[in-house]
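Student: One structure is given below, represented as structure tokens, and several questions about it will come after.
The values are calculated or read from the model by the stated rules, or taken from the named source; none is laboratory data. The structure displayed is predicted, hence computed values, not measured ones. Only protein heavy atoms, including side chains, enter the accessible area calculation; ligands, DNA and RNA are left aside. Shrake-Rupley method; radii C 1.70, N 1.55, O 1.52, S 1.80 Å.
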Amino acid sequence: MKTLITTGMTLLAFCVLVPATTAARDLLLSGRTMGTSYHITIVRSEAAVDQQALHADIDRCLKTVNVSMSTYDPDSEISHFNRLKVVGQRFAVSTDFYTVMTLSVWLHRITDGAWDGTVGPLVNLWGFGSSKKTPAVADDDAISDLLANTGFQWIRLDPPASLIKEKAAIEVDLGSVAKGFGVDKVSALLRGRGFHDFLVEIGGEVYAAGVRSDGAPWRVGINLPNRGAAPDAVYKVVALSDQAMATSGDYRRFFKEGGKVYSHIIDPRTGRPVDNGTVSVSVIAANCMLADGLATAGMVMGPQAIASLADSLPEVDCLSITSNEDGILHSFSSGGFSRFLQ
Ligand code: AMP
Ligand code: MG
């Protein structure tokens, strides 16, 4: 079985490519990006492919996303924007960054603020962010101070491609959508090269185009969301064709203090890690950035609310998993999710 998991400081993925996903003739490309790994499977057409050149183009494409939106790179566009502590000043950004910000404004609105790309300082306060702080329970006053400077509504988008801060201290963290956006960028690159059947995966977020070489849909496993489970343990397998899937969970990045578990997904209304029993949310959508953002939002919203939202959106479905105190898992999905289950 091929797993998507690597070790050490890497962000671990929440999905597993199930056996027989790839065939001997497939072109396999992999590498590292955004603090994690990527894996691409391309069904070979008859046309010759310059594998090295394609691989280099993919790496270049992903580098561009990082240089734009990585808060881990002090020279990225987003880091420059975050250091600008001025209200009302127009800050010109790249088309990529502006595109992500435009979708982000919508995500913030449709999730009633459960998705909020300004939680970065709170993520850092709890020790999960780019500031190498040790994870620990945060101080109430520090949470209140940062909450006063949280809220995506404090950023104004100024067409064609500028951002304006309406609060000087506001900072942007696109960690919850960047991998999905990267998947979409690479998928667009591959389509542009004439490929119709491929699977792109970055840190567990996937886009499955067309079908496998045997003509069947791509099959992707959602991890068993248990802290002790093997990284390639599968909870459910879904079949995807021209769909993206992203998963957020609380069982990979967390710390324990006083017997309680704290995860890296922050509820923007409380400034604290989510604490609603949801351990995993997978979202299927037409593009991966949307799936990625909604999966993170689902961890905050809880199973019923994210399912209602998915039901109200075209081509969006979700599966949430909750765990009770005894570790018994329950799943709850949107109306259309079962058609993807294998
Ligand atoms: P993901 O793994 O896609 O769910 O993204 C998790 C990352 O998104 C975290 O590490 C934070 O950087 C950021 N984040 C945490 N909570 C939220 C939230 N409520 N809305 C948006 N981004 C968040
Ligand atoms: Mg996400």
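Student: For 330, 39, give the ranking by accessible area with the largest first, probe 1.4 Å.
Tutor: So, going from the largest accessible area down, we get 330, 39.
Student: Taking a probe of 1.4 Å, how large is the accessible area per residue of the chain, in Å²?
Tutor: Per residue, the chain has an accessible area of 42 Å².
Student: Okay, next question. Any idea of residue 71's accessible area? Nearest 10 Å², probe 1.4 Å.
Tutor: Rounded to the nearest 10, that gives 40 Å².
Student: Convert each backbone phi in the range 161-177 into a coupling constant with the Karplus relation 6.51 cos²θ - 1.76 cosθ + 1.60 (shift: θ = phi - 60°), then list the ³J(HN,Hα) values in order as whole Hz, x for Gly and Pro.
Tutor: 7, 10, 10, 10, 7, 9, 9, 4, 7, 5, 10, 10, 10, 9, x, 8, 10
Student: Quick one: length gained pulling residue 140 to residue 275 fully straight, 0.36 nm per residue minus the C-alpha distance?
Tutor: So the chain would gain 47.0 nm between residue 140 and residue 275.
Student: Oh, and also: Mind grabbing the accessible area of residue 242 for me, 1.4 Å probe, Å², rounded to tens?
Tutor: Roll a 1.4 Å probe over it and residue 242 shows about 80 Å².
Student: Give the Rg (one decimal place) followed by the Dmax (whole number) of the chain, computed from C-alpha coordinates and expressed in Å.
Tutor: Calculated on Cα positions, Rg and Dmax stand at 19.4, 63 Å.
Student: Still on this model: Please report, in Å, the Rg and the Dmax of the range 45-112, where both are computed over Cα atoms only.
Tutor: 16.7, 56
Student: Quick check: convex hull over the Cα atoms of the range 250-342, volume per residue in Å³, rounded to an integer?
Tutor: With only Cα atoms used, the range 250-342 gives 108 Å³ per residue.
Student: Suppose accessible area is computed on protein heavy atoms with a 1.4 Å probe; arrange 328, 170 from highest to lowest.
Tutor: 328, 170
Student: For the chain, what does the helix formula give at 222 nm: sum of -39500 (n - 2.57) over DSSP H segments with n ≥ 4, over the residue count, nearest 500 deg cm²/dmol?
Tutor: Dividing the helical sum by the residues of the chain leaves -8500 deg cm²/dmol.
Student: Per Stokes-Einstein, at 4 °C and 1.567 mPa s, what whole-number D in µm² s⁻¹ belongs to the range 20-173, with the Kirkwood radius over Cα pairs as the hydrodynamic radius?
Tutor: 72 µm²/s
Student: Where Rh is the Kirkwood radius over the Cα pairs of the range 162-217, the temperature 4 °C and the viscosity 1.567 mPa s, what D in µm²/s does Stokes-Einstein return?
Tutor: Approximately 96 µm²/s, per Stokes-Einstein.
Student: What is the percent carbon and sulfur in the accessible area of the chain, measuring with a 1.4 Å probe over the protein chains and ignoring ligands?
Tutor: Numbers: 7610 of 14480 Å².
Carbon and sulfur together cover 53 percent of it.
Student: Express the Stokes-Einstein translational diffusion coefficient of the range 123-218 in µm² s⁻¹, to the nearest whole number, given a Kirkwood radius over alpha-carbon pairs, 20 °C and a viscosity of 1.002 mPa s. Could you put the intermediate results ahead of the total?
Tutor: On the way: Rh = 17.0 Å.
Rounded to a whole number, D works out at 126 µm²/s.
Student: While we're here: Identify all lysines with a Cα-Cα distance to residue 63 below 18 Å; exclude those on the same chain that are fewer than 8 residues away in sequence.
Tutor: Leaving aside lysines fewer than 8 places away in the same chain, those within reach of residue 63 are 179, 185.
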